[in-house]
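These notes are about the structure you will find just below.
The values are calculated or read from the model by the stated rules, or taken from the named source; none is laboratory data. Everything numeric in this text was worked out from a predicted model, so none of it was measured. Counting neighbours? That spans all protein chains shown, and the Cβs are built from the backbone with ideal geometry, glycine included. Surface areas here come from the heavy atoms of the whole protein model, side chains and all, with no ligands, DNA or RNA. Shrake-Rupley method; radii C 1.70, N 1.55, O 1.52, S 1.80 Å.
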Amino acid sequence: MGRSKEFEESVVLQKAMELFWQQGYEKTSLNDLVEHMGIHRRSLYDTFGDKHTLFLKAIDYFGEFIKARLKFEISRAETAKQAIQFIFDFMIEESGNRALGCLFVNSATELAPRDKEVEEKTKEAFMQLEHLLADIIRKGQQAGEFRCDYDAEILAENLHNTLLGIRVLARTSTGKEKLQRIVEFSLAILNE
């Protein structure tokens, strides 16, 4: 009879995600993972596969975490403008609390140029966020909140670029006040 697992998969996967998020893929060794996750090396292999497979699962876990948080932030909004503001506020607050940036952005810059699977996952995550922004912008255009002389997709691309920049700046000592100024200027384009 096989041994039962002595850990909750989602708990240790979250720990792996946090370590990859903090250190990056290359700087995270298997020993780091085993120690941080609190499981045996054999359990890591049996449950998650090799380091690369674990990393891909950690990226997926991060994606689900971000989707859930964004869904919550958007659900609180009474208007499209407020929904977009909530998204930006969440990104700034989340960044300020961790100073780790975004696992998608970090992975895209560290690995995507030479890792097709990471490139596909980060590209898909970026496209999903752009589509979400475009949907919100369309609703705002229909409600008369936002300008209609640009396609929602073009405005979403611009806002997404700003969000990516904020996630990169979050890894530096850039203050929240500066990030808020960048957001205010970027959101003004929706109303011009």
Checklist line | Residue within segment 132-154 that is open to solvent by less than 60 Å² (accessible area, probe 1.4 Å), β-branched (Val, Ile, Thr) and modelled with pLDDT of 90 or more present | finding: yes
Checklist line | Test for Ile84: is it closer than 29 Å to Ser173 by Cβ, in contact with a Leu (Cβ under 8 Å, 6 or more places away or on another chain) and in contact (Cβ under 8 Å) with a residue 12 or more places away in the chain | finding: yes
Next item on the list: For segment 35-63, enumerate the residues that are open to solvent by less than 30 Å² (accessible area, probe 1.4 Å) and over 18 Å from Pro113 (Cα atoms).
Entry: Met37, Ile39, Leu44, Thr47, Phe48, Gly49, Leu54, Ala58, Phe62, Gly63
Check: Among all residue pairs at least 6 apart or on different chains, which show Cβ distances below 7 Å where the first residue, located in segment 125-152, is touching a residue at least 24 places away in the same chain (Cβ under 8 Å) and the second is in a helix (DSSP H, G or I) and of a type in the set (D, E, K, R)?
Finding: Glu130/Glu157; Gly140/Lys81; Glu145/Lys81
Check: Of the residues that sit in segment 162-180 and are of a type in the set (S, T, N, Q) and exposed (fewer than 12 other Cβ atoms within 10 Å of the Cβ), which one is farthest from Thr122 (Cα to Cα)?
Finding: Ser173
Next item on the list: For Ala99, indicate whether it is within 27 Å of Leu179 (Cα to Cα) and either open to solvent by 20 Å² or more (accessible area, probe 1.4 Å) or at pLDDT 95 or above (or both).
Entry: yes
